[in-house]
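Some notes on the structure that comes next.
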Amino acid sequence: GGTNLKILLVAVPNDVIFQYREIAKSANLEAKFLEAETFALLMSLGQTDKITTGLIDVGARSTSCSMVEGGALKSSHSLDIAGNEMTQSIVRILGIEHEEAEKLKRKYGIEAILQKTAGLEADKVAKALLTSVDAILTEIKRIFHTFSLEEKKEIQKVVLAGGAALLPGLKEYFADSLQKKVEIINPFAKIFYPPVLEKIVK
């Protein structure tokens, strides 16, 4: 009999490739090789074990949710809800400028949901962010459930990446909502560097 193969198809719009080539050209560099961001994240994850991991990258314009096992990408999904939408929620609800909203987002995150004594401003920011955060979590739960049904295995660990990964309270909120162990990605985990650089690298 023949061998059954699973093929992962990756497509990137030509205009995105053109943009990166133009950036390289402007910097007097020649782009010899371009790689989808998910695969770069996969390498920085440095996974070699067989643990089934959900890799969630919350960027500015989109959120990606990828399933990884033994260093291989099993499937990946992209969501439109991301960091910019979180900031816009603060702009609308608090009636402030985008730049100030971005500062408050990074300062307070959603920690007020976990700590009831965080203060009025922190509470307003958390409530503004929660709509977007909960929408992301709803989609992730759906993706995880579909993966579990198709692959007959559960996601054992979740790793957060992207600009929003360090928002105060986000890691803990994800862990509680998903009922999974959640870590923040460490892209330097498999890289050797002098101990004197430890503080800078962190």
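The values are calculated or read from the model by the stated rules, or taken from the named source; none is laboratory data. Worth saying up front: this structure is predicted, and the values here are computed from it rather than measured. Cβ: placed from backbone, ideal geometry, glycine included. Neighbour counts: every protein chain shown. Surface areas here come from the heavy atoms of the whole protein model, side chains and all, with no ligands, DNA or RNA. Shrake-Rupley method; radii C 1.70, N 1.55, O 1.52, S 1.80 Å.
Shape verdict for region 75-202, please, from the Cα gyration tensor: rounded (a/c under 1.5), prolate (a/b greater than b/c) or oblate.
Numbers: a/c = 1.91, a/b = 1.16, b/c = 1.64.
Note, shape of region 75-202 comes out oblate.
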For the chain, with all protein chains present and a 1.4 Å probe, just round the carbon and sulfur fraction of the accessible area to a whole percent. 55
Would you mind working out the magnitude of the charge dipole of the chain relative to its Cα centre, with +1 at each Lys and Arg C-beta and -1 at each Asp and Glu C-beta, to the nearest 20 Debye? 420
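Can you give the calculated 222 nm mean residue ellipticity of the chain, where each DSSP H run of n ≥ 4 adds -39,500 (n - 2.57) and the sum is split over every residue, rounded to the nearest 500 deg cm²/dmol? Mind showing how you got there, number by number?
Working: 8 runs with 94 residues, N = 202.
Here the helix-only value at 222 nm equals -14500 deg cm²/dmol.
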Keeping every protein chain in place, order GLU172, GLU102 by accessible area at 1.4 Å, biggest value first, i.e. largest first. GLU172, GLU102
16 Å Cα-Cα reach of LYS180 towards lysines, excluding residues that sit fewer than 8 places from it in its own chain: LYS141, LYS153, LYS157, LYS171
A student applying the Cα gyration tensor rule (rounded when a/c is under 1.5; otherwise prolate if a/b is larger than b/c, oblate if not) would label region 1-93 oblate
Counting only the heavy atoms of the protein chains, how much of TYR193 is accessible to a 1.4 Å probe, in Å² to the nearest 10? 70
Solvent-accessible area per residue, Å², over the chain with all protein chains present [probe radius 1.4 Å]: 65
